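Below: the structure, in structure tokens.
The values are calculated or read from the model by the stated rules, or taken from the named source; none is laboratory data. These numbers come from a predicted model, not from an experiment. Neighbour counts are summed over all protein chains in view; Cβ atoms, including those assigned to glycine, are modelled from backbone coordinates with ideal geometry.
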Amino acid sequence: MIEVTGLSKLFRIPHQRRRSFSRWLVEGRFTYETLYALSDVSLRVEGGEFVGVLGKNGSGKSTLIRIVAGIYPPTAGSVVVSGRVAPILELGVGFHGTLSVLDNVLLYGVVLGIPRRKLVAEAAEIVAGAGLERFTDARLENLSTGMKMRLAFTVALRAEAPILLIDEALAVGDEAFRERCLAELKRRRQRGDTALFVSHETTLLEALCDRLIVLDQGRVVGAGRPAEMIVLYRSLRPASGASAAVVDK
Amino acid sequence: MHPWRDRARLLDIVREVAVSDFRLKYNDSALGYAWGLLSPLVMLGIYLTVFRKILGIGGRGFEIYVLVGVVFWTFFQDCTFSGLDALTRKTGILKAVPLPAVVVVASGMFSTFITLAINSLLLVLVLAVGGVLSPLAPLAILPIMCLGLLAAGIGFLVALAYVDFRDTGLIWHTALQALFWLTPVVYPVHSDAMAEVLYLNPIARCLFLIRWFLTASFFPATRFIVLTVVFCVGVFALGLYAFVRRQRLIPETL
């Protein structure tokens, strides 16, 4: 279960392009623009529910999922997550091209919170699951992008956490890869896992989610059945330039 | 449970990141770990040539003196840099996975501790073969640990400075050059007046004690040891505290 109550997030964006010590000496201090990426957001995802968050660029989606994952602290409000979480916000984060496939499985796995002992025991299975058994000792950089994505996704799924947080992570692969991800996620849904997705891909969200929440400029503007929310999302005007900057934070 | 509190996970990460950093460092060199030894040895050769042959400085045992200095100075330099380096290289992880920044910085520095352990053992071996190893040598662990704490404490402070100032790496590089010559790494301390000033520097104190325990056969002044330990532990505690206090905001600031 995920419960978000009255969540707000304020970012301070420096006016200076580069914050260097020498500049600080000359100018005395840095100045900032403050910006609310999220204001007073409340939502609830029940156990066993798949909920998607839909919004234009700069609507605060990524900030929201990062706060739920415990990466950013909230400025105000609270987040309660009961159960183990697998945050799949970026596939293959921490991968090192010059290390072997096997080393990367261990490195990425522990970063995602999978116990090292379990990884060591299941490494061969994971590499085989990604169809890379012939390349266990190969350098990761010699593999194609598709192979790397497959490997990352296979490792990520080993996290076996009942709560999934997914941010556009599946948008990177080709059609076959997405089909595979989709099938796996549907299986998770049947098993009774919980998930919060962030995306602007309406087809993916419609196929997977019980409910959608629409964010616009950091506020919840709608929540309900996927088909209706997609209509609402399409009727929103494009994000303003100022809030789009927050996406890169 | 908040992922930050999953201690087993954090320990796994420190271990895996440290080992992979260690591998990455030597992976691309055909000589592997030997390269990590070769570079201080080349420096040793240069310093000895300059001081002994050109400037005519250095008495008996000067080679050992410089060797010990270079080995431990190299550690101090690498360790203070690797925390900052870890923070810049692992920004992606910090933004995608709930992970205390202190774990990233600590595991970056930890790989230099692996190098330190190996090099210390090799050094002891060299001293033993040369017949100059003191029976007090096991006690050298104390000042080596002090130097480790000092370097880690400063490493945390340097990494923290990077969060606000992106040119910290450049500044620290220059500061290290100055610090190198303010520390008796490659030159001997001749007079008491010189010693009084130089041993205000905790790195100099650690080096003095390491050299002493490795090669001398009687005990140095207790007061000197105690003050060194207190100072190094203090710097470590300060660095760690300052870093941990601000780490919640590091992923969004990077």
*Determine if segment A:147-165 includes at least one residue that is in a helix (DSSP H, G or I) and farther than 17 Å from A:Ile88 by Cα.*
yes
*asked:* Restricting to segment A:179-201, count the residues that are within 23 Å of B:Val97 (Cα to Cα) and modelled with pLDDT of 80 or more.
replied: 14
_Tell me the residue from A:Leu212, A:Leu204, A:Leu157 that is of a type in the set (A, V, I, L, M, F, W, C), within 25 Å of A:Ser82 (Cβ to Cβ) and at pLDDT below 90, please._
A:Leu157
*Within segment A:1-50, how many residues turn out to be assigned to a strand (DSSP E or B), exposed (fewer than 14 other Cβ atoms within 10 Å of the Cβ) and at the interface with chain B (Cβ under 10 Å from one of its Cβ atoms)?*
1
*Residue by residue through segment A:64-107, note down the ones that are facing another protein chain (nearest Cβ under 7 Å) and without any contact (Cβ under 8 Å) to a residue 40 or more places away in the chain.*
A:Gly70, A:Ile71, A:Pro73, A:Val93, A:Gly94, A:Asp103, A:Leu106, A:Leu107
_Could you go through segment B:178-195 and let me know if any residue there is assigned to a loop (DSSP other than H, G, I, E, B), among the hydroxyl-bearing types (Ser, Thr, Tyr), farther than 16 Å from B:Leu84 by Cα and without any contact (Cβ under 8 Å) to a residue 60 or more places away in the chain._
yes
*surrounded by fewer than 22 Cβ atoms within 10 Å (Cβ to Cβ), within 19 Å of the chain's Cα centre (by Cα) and in a loop (DSSP other than H, G, I, E, B): does that describe A:Ala183?*
no
*Does at least one position in segment B:234-245 carry a residue that is over 16 Å from the mean Cα position of the chain (by Cα), crowded, with 21+ Cβ neighbours inside 10 Å and assigned to a helix (DSSP H, G or I)?*
yes
*Output for segment B:170-204, where each listed residue is surrounded by 17 or more Cβ atoms within 10 Å (Cβ to Cβ) and within 14 Å of chain A (Cβ to nearest Cβ)*: B:Trp172
*Which number in (1) farther than 25 Å from B:Gly32 by Cα; (2) over 19 Å from the mean Cα position of the chain (by Cα); (3) within 11 Å of another protein chain (Cβ to nearest Cβ) marks the one condition that B:Arg89 misses?*
(1)
*asked:* Taking the conditions exactly as written (touching a residue at least 40 places away in the same chain (Cβ under 8 Å), within 23 Å of B:Ile203 (Cβ to Cβ), within 14 Å of another protein chain (Cβ to nearest Cβ) and among the hydrophobic types (A, V, I, L, M, F, W, C)), does B:Ala101 satisfy them or not?
replied: no
*Of all residues in segment A:115-144, which are without any contact (Cβ under 8 Å) to a residue 12 or more places away in the chain and in a helix (DSSP H, G or I)?*
A:Arg116, A:Arg117, A:Ala121, A:Glu125, A:Ala128, A:Glu133, A:Arg134, A:Asn142
*Answer yes or no as to whether A:Gly92 is of a type outside the set (D, E, K, R), exposed (fewer than 15 other Cβ atoms within 10 Å of the Cβ) and not in a helix (DSSP H, G or I).*
no
_Of all residues in segment B:5-19 being of a type outside the set (A, V, I, L, M) and in a helix (DSSP H, G or I), the one that is farthest from B:Thr112 (Cα to Cα)_ = B:Arg5
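Condition check ((1) touching a residue at least 60 places away in the same chain (Cβ under 8 Å); (2) more than 10 Å from every other protein chain (Cβ to nearest Cβ)) across all residues:
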position	(1), (2)
B:Arg23	no, no
B:Gly45	no, yes
B:Leu48	no, yes
B:Gly61	yes, yes
B:Gly83	yes, yes
*Among the residues of segment A:106-129, write down those that are within 21 Å of the chain's Cα centre (by Cα) and over 30 Å from A:Leu64 (Cβ atoms).*
A:Leu106
*Can you name the condition, by its number, that B:Leu227 falls short on among (1) surrounded by fewer than 14 Cβ atoms within 10 Å (Cβ to Cβ); (2) more than 26 Å from A:Arg23 (Cα to Cα); (3) among the aliphatic types (A, V, I, L, M); (4) free of Cβ contacts under 8 Å to residues at least 40 places away in the same chain?*
(1)
_Yes or no: segment A:39-55 includes at least one residue that is closer than 28 Å to B:Ala159 by Cβ, modelled with pLDDT of 85 or more and hydrophobic (A, V, I, L, M, F, W, C)._
no
*In segment A:110-165, which residues are within 14 Å of chain B (Cβ to nearest Cβ) and among the polar types (S, T, N, Q)?*
A:Asn142
